[in-house]
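The next block holds one structure in the form of structure tokens; read it before the comments.
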Amino acid sequence: MMYNEKMVMIPGPTPVVKEIRDEMAREIQAFGDPRFVADFRATIDGLGTLMNCSGKTFVVAGTGTLAMEMAISNMTKRGDRVLIVSHGFFGDRFIDICERKGLQVDVLQSEWGQIVPVAKIEEQLSKHHYAAMTVTHVDTSTGTVAPAAEIGEMMKKFPDTIYILDGVCATGAEFEDVDGMNIDVLFTGSQKAFGVCPGLMMLWASKKALARRESLGETIPEYYCDFAKWLPVMDDTSKYFATPAINLVWSLKKSLEMIVAEGGLHERDSRHRQNAEAMQKAVEALGFKVLAEPGHRAITLSNLVYPEGVDDAKFRAAASQEGVMVAGGLAAYAGRMFRLGHMGNIDINVEVAVLGALERALRTVTGKDVLGVGVTTYLKAMEA
Ligand code: PMP
């Protein structure tokens, strides 16, 4: 069978639905056009309200990695001590970023699939003064979710430490609340749970984070990602610092409207949760093992360890033949696991089609008759 389109079920970019995709095909407008100025304003304000952020919201052309760099650059200065809480590959990325900036780096790492207990983070924070701490809400390499709210509560004991939460694989799906969870810097990329094409980063900074930036002086070594360069634009969207990604902003505006129409972040979280639990039951019924421990499993993706004898390259090639793209495992799990994204604007019909394709791929590589096993488990779990 030939498929014209392959379903993109990697953990980002996620499927971009027609309403959002159509915004990419619109005729360009000047960034000073009052129509775009108003759209940009509505997008920034809407994002601030969505995430309950009484500080500032930034929408900048770039990816999640730029947002990581922006967070660190604006919250720390050379010589500061930072604590990195890492649950995998993306948590570890902060180590390199921070070391390059001449920061003193302490790291708390978990086994892949597990999380660092909050008590252990608290104990470490009590040992030194940390300018900032980074946590990855969902580490895409492991599919684990950090207890972001509980960590935020604990952080009230450390008012001089900035709480940076990487929401790249979470924001817009896992419930988050910047003010309510005591988060100082939260960020994501457009290509994840917002279901927009890659190319934008969104970052929310609390009042405390804005004060920290101010305390660093008029300039910081970084230019493009200096809060001070973008604040005038975020406050008055008719101003120019660097060219906004016009069509991506329109797509993001549409995505935001869809999130609001769905009922907001609580609704979005429950929909993802119900779906993820059903998906995880279904793939377990097919013989895959979810890497993340129960209780710490993300709702945005599943990291699935192969049953004995299933070859990664063959399985993913077979899935692609069946019209579904999934991602490979990272680092020590390369070749032993695949990653299945299930975040953003996807529904039951997409999931049933995906499971059907995974079943056919599994049959191709193992010869076992598994057709219907995952789909039936999924549909029953969705109805339970
Ligand atoms: N953090 C996390 C948790 C991620 O999953 C990713 C990307 N997969 C990044 C950061 C980096 O984002 P980007 O690829 O958009 O630069």
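The values are calculated or read from the model by the stated rules, or taken from the named source; none is laboratory data. As the structure is a computational prediction, the values presented were derived from the model and not from experiment. Note: ideal-geometry Cβ built from the backbone for every residue, glycine included; neighbour counts use all protein chains shown.
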Legend entry - Residue selected from the stretch 1-21 under the condition more than 30 Å from MET337 (Cα to Cα) and in contact with a helix residue (DSSP H, G or I) (Cβ under 8 Å, 6 or more places away or on another chain), by the criterion farthest from the ligand (Cβ to nearest atom): GLU19
Legend entry - Residues satisfying the stated conditions in the stretch 1-57, i.e. modelled with pLDDT under 95 and exposed (fewer than 12 other Cβ atoms within 10 Å of the Cβ): MET1, MET2, ASN4, GLU5
Inset, instruction - Tally the residues that are among the hydrophobic types (A, V, I, L, M, F, W, C), under 30 Å from LYS253 (Cα atoms) and within 16 Å of the ligand (Cβ to nearest atom), restricting the search to the stretch 68-110. - result: 6
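Rundown of residues vs (1) more than 10 Å from the ligand (Cβ to nearest atom); (2) more than 21 Å from GLY55 (Cα to Cα), yes/no style:
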{"residue": "ILE164", "(1), (2)": "yes, no"}
{"residue": "ALA170", "(1), (2)": "no, no"}
{"residue": "GLU176", "(1), (2)": "yes, no"}
{"residue": "GLY180", "(1), (2)": "yes, no"}
{"residue": "VAL185", "(1), (2)": "yes, no"}
{"residue": "THR188", "(1), (2)": "no, no"}
{"residue": "LYS192", "(1), (2)": "no, yes"}
{"residue": "VAL196", "(1), (2)": "yes, yes"}
Legend entry - Yes/no for ASN349 being crowded, with 19+ Cβ neighbours inside 10 Å and within 26 Å of the chain's Cα centre (by Cα): no
Inset, instruction - Kindly list the number of the only condition in (1) in contact (Cβ under 8 Å) with a residue 60 or more places away in the chain; (2) within 16 Å of the ligand (Cβ to nearest atom); (3) more than 17 Å from GLU174 (Cβ to Cβ) that fails for THR65. - result: (1)
Inset, instruction - Say whether the condition of being over 16 Å from MET201 (Cα atoms), among the hydroxyl-bearing types (Ser, Thr, Tyr) and within 16 Å of the ligand (Cβ to nearest atom) is met by at least one residue in the stretch 33-56. - result: no
Inset, instruction - Sort out which residues of the stretch 298-352 are in a helix (DSSP H, G or I) and out of contact with any helix residue (DSSP H, G or I) (no Cβ under 9 Å at 6 or more places or on another chain), and write them in order of number. - result: ASP312, ALA313, ALA332, TYR333, ASN349, VAL350
Inset, instruction - Identify the residue in the stretch 35-74 that is basic (Lys, Arg) and in a helix (DSSP H, G or I) and, among all such residues, is nearest to the chain's Cα centre (by Cα). - result: ARG41
Legend entry - Counted residues, the stretch 66-80 - those being within 8 Å of LEU216 (Cβ to Cβ) and of a type outside the set (S, T, N, Q): 1
Inset, instruction - Search the stretch 307-321 for residues that are modelled with pLDDT of 95 or more and pair each with any residue that is among the polar types (S, T, N, Q) and part of a helix (DSSP H, G or I) when their beta-carbon atoms are under 6 Å apart and the residues are at least 6 apart or on different chains. - result: ALA318/THR364
Legend entry - GLY341 of a type outside the set (A, V, I, L, M, F, W, C) and crowded, with 22+ Cβ neighbours inside 10 Å: yes
